[in-house]
Amino acid sequence: MTFPKNFLWGGAVAANQCEGAYNEDGKGLDIQDIMPRGIKGAPMSEPTEDNMKLVGIDFYHRYKEDVKLFAEMGFKVFRTSIAWSRIFPNGDDAEPNEQGLAFYDSLFDECHKYGIEPLVTISHYETPLHLAKKYDGWVNHALIGFYENYVRTIFARYGSKVKYWLTFNEINSVLHAPLMSGGIMTPKEKLSLQDLYQAVHHELVASALATKIAHEMMPKAKIGCMVLSMPTYPLTPHPDDLIAVMKAEHMNYFFGDVHVRGEYPGYIKRYFKENQIELKIEKEDEEILTHTVDFVSFSYYMSVCETADLEKKKKGEGNLMGGIPNPYLPSSEWGWQIDPQGIRYVLNMFWDRWQKPLFIVENGLGAVDELVEDGQGGKTVHDDYRISYLNDHLVQVGEAIEDGVPVMGYTTWGCIDLVSASTAELKKRYGFIYVDRKDDGTGTLARYKKKSFGWYKEIIASNGDALKK
Ligand code: BGP
């Protein structure tokens, strides 16, 4: 396989899904602290004990042990997010919280100790709760200023330690999960399209502003957008289905198009017009949007089908986005369809469209794992299903590289078990490292290497040559 020499192999997590310590060292609450059921449930008025994220996998206290394990696998890069409310507990505070800043200093130093580059998501479903409650999150223009303060603070502090930045995790997911993704408290069914797209506009401007500021403050850094990719296939060859696919894909491409081209595309203007959406665009917004990203990063878990036939348009169980199941594909235990070729397809489509380097920052299999004796006095998980999932996807990444697509790197999602975003469970495990914690809150939090741990180590050491075609 022809993975480039400097290919960034690694793994990814998000602060809210692993750190725990939800109210320690001056951290304020964020929206995750009141979402014990993930996007599947209604928010609570305050944190409740059944919320797995309050403790997470206790990464906040155990990161040294975990980074050491990542280094043992040979990680070149480690993607995590900064929890905004550790830095600005309310989001609109005048001064940052020094203890929060010190934590990430120490985490990034720990990565560098082993030659691991941190890849930092600035906002990964972690809007400070106060901003959600007081301003209705990104619906309010004021959020741009608070985000700007936050990015200036973290760029100034970590500019010499972090080369790779992402502005918003899965920025397009706000259309489907307005609270989780956009900190919008107005319930989805009451949220008008006008307010939803106004929030989108504010996030796009904030993202371009972060890009502009990053280029000014850290000329050597690379900053990218991050989109949830979901290649959409026509359910039948009927031309109506193809047009339905085109429209569905436009709603996703729109976010990347603005980040890469620096302006709103025609098809979205038409959509706004036909849906009586009139964005309030400030004078400076158009100039800010022209500051375009250095690379495009994305998550890839599955593809979906689309049709114009309303009868058939029954909902599948997909990621945040739903979609119609593909009759040719198997599914995970959570109903996410498994389609390794989709990642080759998406890499080619994104490259053809944007001509920007691409970074796969999430891909992986959420599964129920069984911890068993390893025969040497320890414990392990025989996760051959995870190995074959990752192998098959990486083979297709190799194919895309052969197709001529510049791929910067690959970080598997949940390189260590963590709490799921969509359902807030721990039993949906993604890691190479098993964490002894169950959804009833029991467990020692001890770490165990799964079989996939050794497998990934070999893949990285061979720069992909050990993959099985
Ligand atoms: C993406 C999110 C991640 C992550 C992943 C897996 O949408 O960016 O935060 O959680 O999906 O989803 P889940 O945790 O629901 O299995």
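Structure notes:
- The chain - accessible surface per residue (Å², probe 1.4 Å): 39
- Rg(Cα)/(2.2 N^0.38 Å) for the chain, N = residue count: 0.92
- Extending 7 Å from Cα along the Cβ direction at Asp109 and again at Ser160 yields two label points whose distance is 1.2 nm.
- For the chain, the residue among Ile154, Gln396, Leu179 whose Cα projects farthest onto the positive side of the dipole built from Cβ charges is Gln396.
- Relative contact order (%) - criterion: Cα under 8 Å, at least six apart; region: region 8-461: 17
- Whole-percent carbon and sulfur share, accessible surface of the chain, 1.4 Å: 51
- Overall dimensions of region 403-449, expressed as equivalent-ellipsoid semi-axes from the Cα gyration tensor (√(5λ), whole Å, largest first), are 29, 13, 6.
- Asp465 versus Val372: modelled label distance in nm, points set 7 Å from Cα along the beta carbon direction: 3.2
- Inverse mean reciprocal Cα-Cα distance (Kirkwood Rh) of region 207-296, Å: 15.0
- Cα-centre dipole for the chain with unit charges at Cβ (Lys and Arg positive, Asp and Glu negative), debye to 20: 600
- Overall, region 131-215 carries a charge dipole of about 400 debye about its Cα centre when +1 sits on the Cβ of Lys and Arg and -1 on the Cβ of Asp and Glu, all other atoms neutral.
The values are calculated or read from the model by the stated rules, or taken from the named source; none is laboratory data. Bear in mind that the values here come from a model prediction, so they are computed numbers and not experimental data. We place every Cβ from the backbone using ideal geometry, glycine too, and count neighbours over all the protein chains shown. Only protein heavy atoms, including side chains, enter the accessible area calculation; ligands, DNA and RNA are left aside. Shrake-Rupley method; radii C 1.70, N 1.55, O 1.52, S 1.80 Å.
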